[in-house]
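The values are calculated or read from the model by the stated rules, or taken from the named source; none is laboratory data. No experiment lies behind these values; they were computed from the predicted model shown. No Cβ is skipped: glycine too gets one built from the backbone with ideal geometry, and neighbour counts run over all protein chains shown.
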Amino acid sequence: MRAWWSASALPAVEGALGALHEYAAHVADAQRPVCLSSGKCCNFQSHGHMLVVTGLEALWVWRQAARPLRSSAANAAQAAGVCGYLDGSLCSIHAVRPTGCRSYFCDRGDGQWQSTLSERLHNSITQLHDEHDIPYLYAEWTWLLAHVTRAHEQGVFSEPLPS
Ligand code: SF4
């Protein structure tokens with residue numbers, strides 16, 4: 001966890017993820033999927049969708065998010081099969097959401113372009129791990145987020161949240 005926390009602050013990681021976000025936006029803009037901001041795709045259990053993220057990206061999102069998530073909220077979200085950052089039907093961390101959220105839309109179209117985009121983004125993130133010798137873990141988002149929030153509150157990679 002500490003290794004991901006440290007790596008998430010590297011300028012090279014920041015630059016690479018920023019470039020991937022721009023690329024994902026470019027591809028999605030060209031395809032124009034219909035997004036009604038219903039929050040359906042963030043409600044994994046009811047939507048039948050699973051978001052998978054690397055440890056590095058999870059810590060990068062955690063570092064960037066303006067609102068720290070408590071482990072109690074993350075645990076409840078995991079149990080419900082919902083993203084802990086979903087606020088009503090909107091993403092509360094839209095600008096810094098994981099790449100997996102940028103390559104999946106309820107409006108699947110033929111589904112192929114989203115699969116291709118998702119694969120490219122993931123390959124680039126895997127390469128980023130290799131280039132900087134960052135430990136690799138690819139895990140389900142709500143599980144990972146619950147672990148990250150617990151570790152944060154235990155002071156594993158940063159100061160504990162004020163009570
Ligand atoms: S990070 Fe935002 S877009 Fe991604 S699943 Fe959570 S609420 Fe939805």
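Need pairs with beta-carbon distance below 6 Å; first residue more than 9 Å from LEU56 (Cβ to Cβ) and within the range 1-24, second of a type in the set (Ser, Thr, Tyr); sequence gap 6+ or separate chains. Pairs found: LEU20/THR99; LEU20/SER124; ALA24/SER103.
Looking across the range 62-107, the residues that are within 24 Å of ALA28 (Cβ to Cβ) and among the small types (Gly, Ala, Ser) come down to ALA65, ALA66, GLY84, GLY88, SER89, SER92, ALA95, GLY100, SER103.
Scanning the range 65-82 for residues that are assigned to a helix (DSSP H, G or I) and either within 8 Å of the ligand (Cβ to nearest atom) or crowded, with 18+ Cβ neighbours inside 10 Å (or both) yields SER71, ALA74, ALA77, GLN78. Residue under question is ARG108, and the condition is that it be farther than 17 Å from ALA139 by Cβ and either part of a loop (DSSP other than H, G, I, E, B) or of a type in the set (Ser, Thr, Tyr) (or both); does it hold? Yes. For the range 46-57, filtered to residues that are surrounded by fewer than 23 Cβ atoms within 10 Å (Cβ to Cβ) and part of a helix (DSSP H, G or I), the residue that is nearest to the ligand (Cβ to nearest atom) is HIS47. Determine whether HIS147 is surrounded by 15 or more Cβ atoms within 10 Å (Cβ to Cβ), more than 13 Å from VAL52 (Cβ to Cβ), modelled with pLDDT under 95 and under 17 Å from the mean Cα position of the chain (by Cα). So HIS147 does not fit the description; no.
In the range 138-151, the residues that are of a type in the set (A, V, I, L, M) reach residues that are within 14 Å of the ligand (Cβ to nearest atom) and in a helix (DSSP H, G or I) with C-beta atoms within less than 6 angstrom, at least six apart or across chains, in these pairs: LEU144/ALA58; LEU145/ALA74; ALA146/ALA74; ALA146/GLN78; VAL148/ALA58; VAL148/TRP62. I'm told ILE134 meets every condition in (1) in a helix (DSSP H, G or I); (2) surrounded by 18 or more Cβ atoms within 10 Å (Cβ to Cβ) except one. Can you identify the failing condition by its number? Against the list (1) in a helix (DSSP H, G or I); (2) surrounded by 18 or more Cβ atoms within 10 Å (Cβ to Cβ), ILE134 comes up short only on (1). Considering only residues of the range 23-45 that are assigned to a helix (DSSP H, G or I) and within 11 Å of the ligand (Cβ to nearest atom), which is surrounded by the fewest Cβ atoms within 10 Å (Cβ to Cβ)? The extreme case among them is LYS40. Taking the conditions (1) at pLDDT 95 or above; (2) exposed (fewer than 14 other Cβ atoms within 10 Å of the Cβ); (3) within 8 Å of the ligand (Cβ to nearest atom) in turn, TYR85 satisfies each one other than (2).
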